[in-house]
Amino acid sequence: MSSPSPDAALSLGGLSAQEGTLARRTYLTLRAAIVELRVAPGAALRKEAICKELGVSRSPVSEAMAKLAAEGLVQIVPQAGSFVAPLSLPEIREGAFLREAIELAAIEHLAPRITDDQIQALRRTLAMQAALVEEGDRDGFYALDAQMHGMLLDFTGYRRLAIVADSAFVHVDRARRLILPQGRRVADTLEEHRAVLAALEARDPDAARTALRHHLRQLMHHLTRLAADRAGLFQPEET
C-alpha cells in the first residue's frame, strides 16, 4: 500500500445532495471521491476528519465505510485504520469483462430499434464531448463519457441495467479516470464514440457491436502498460 495521505477528507467536496438517508449520502460522497481519484489509492480515511468535513456523526461514516469495504473500495486494517484500496488489476479485468458482456448485449438489442430522438440525444452528447476536447476539459469529458454509456443502457428500456452497471463497473470507473489523461486518450475516445454512433445511425447491430467492443477493449490495452509504470497505485498481483 502506498503512503497514506495526511488528510483524505479534505478532498471530499461536501456531502452528496442526492436523496436518501444520511448514511447513504455519506456513502455516495466517499464513493465518488474514491472512484474519481480525488482521494488517492492508499490514502488514509480518518473518521474524525470525515465527520468534521461532512458535518455528520461517526455512525453514518462507519456504515458508509463498511459498505465501501464490501465493494472493495476501502480496506479496513485492524489496529491501523481505514484506507482507500489500491487499484486491483484482477478486479478491473473482471469489471471490464462484465461491462463488455452487458454493453455489447445492450447495443445489439438497441441498434435495430433505436429511435430518432435517441439518436439526436447521442449526437448532442457527442457535440458537447467534442467541445470539451477542444477546451481540454478532461473532467467534463469524463462525465459525458459516463453519460453516453449510461444512455446506451437506458435506451434499451431495461431499468435494472443501470443498477447492475453501477455495481459491476465500479473498479472499471476508477481505471477509466486513470487512463483518460494519458496522451491522446480523450481525443481517441471521442473518435471511438463517433464510430459507435455511426453504427447506431445505420441501425446496424453487427457494426455497433464491433465499434463498441473496440472502444471498450482500449481500457485494458492502455491500463496494463500504465500499471507497470505506476505500480504504487496497484495492488501487487499474486504469483
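The values are calculated or read from the model by the stated rules, or taken from the named source; none is laboratory data. Not measured: the values here are computed from a predicted model. Virtual Cβ from ideal backbone geometry, glycine too; neighbours counted across all protein chains shown.
At-a-glance table
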| item | result |
| --- | --- |
| The stretch 121-132 residues that are in the same structural domain as ARG185 (by TED's automatic domain parsing) and under 16 Å from PHE155 (Cα atoms), paired with ones that are polar (S, T, N, Q) and in a helix (DSSP H, G or I) (beta carbon under 7 Å, 6 or more apart) | THR125/GLN147 |
| Where ALA199 falls short, out of the listed (1) farther than 18 Å from ALA143 by Cα; (2) outside any helix (DSSP H, G or I) | (2) |
| Wholly within the stretch 1-114, helices (runs of 4 or more DSSP H) carrying at least 2 residues that are hydroxyl-bearing (Ser, Thr, Tyr) and out of contact with any Phe, Trp or Tyr (no Cβ under 9 Å at 6 or more places or on another chain) | 22-35, 58-70 |
| Selection from the stretch 93-129 of residues that are closer than 18 Å to HIS193 by Cβ, of a type in the set (D, E, K, R) and surrounded by 16 or more Cβ atoms within 10 Å (Cβ to Cβ) | ARG99, GLU100, GLU103 |
| Flag if VAL133 is assigned to a helix (DSSP H, G or I), more than 24 Å from ALA40 (Cβ to Cβ) and out of contact with any Ser or Thr (no Cβ under 6 Å at 6 or more places or on another chain) | yes |
| Pairs with Cβ under 6 Å, 6+ apart, first in the stretch 11-30 and touching a residue at least 24 places away in the same chain (Cβ under 8 Å) and on the phi < 0 side of the Ramachandran plot, second in a loop (DSSP other than H, G, I, E, B) and of a type in the set (Lys, Arg) | SER11/ARG38 |
| The lone exception for GLU19 - which of (1) under 20 Å from LEU233 (Cβ atoms); (2) surrounded by fewer than 20 Cβ atoms within 10 Å (Cβ to Cβ); (3) at pLDDT below 90 it fails | (1) |
| Subset of the stretch 18-48 [more than 14 Å from the chain's Cα centre (by Cα), among the small types (Gly, Ala, Ser) and under 16 Å from HIS171 (Cβ atoms)] | ALA40, GLY42 |
| Criterion (touching a strand residue (DSSP E or B) at 6+ places or on another chain (Cβ under 8 Å) and not hydrophobic (A, V, I, L, M, F, W, C)) met by exactly one of HIS171, HIS214, HIS193, HIS222 | HIS171 |
| Matching residues in the stretch 163-176 - criterion: being surrounded by 13 or more Cβ atoms within 10 Å (Cβ to Cβ) and within 28 Å of ASP116 (Cβ to Cβ) | VAL164, ALA165 |
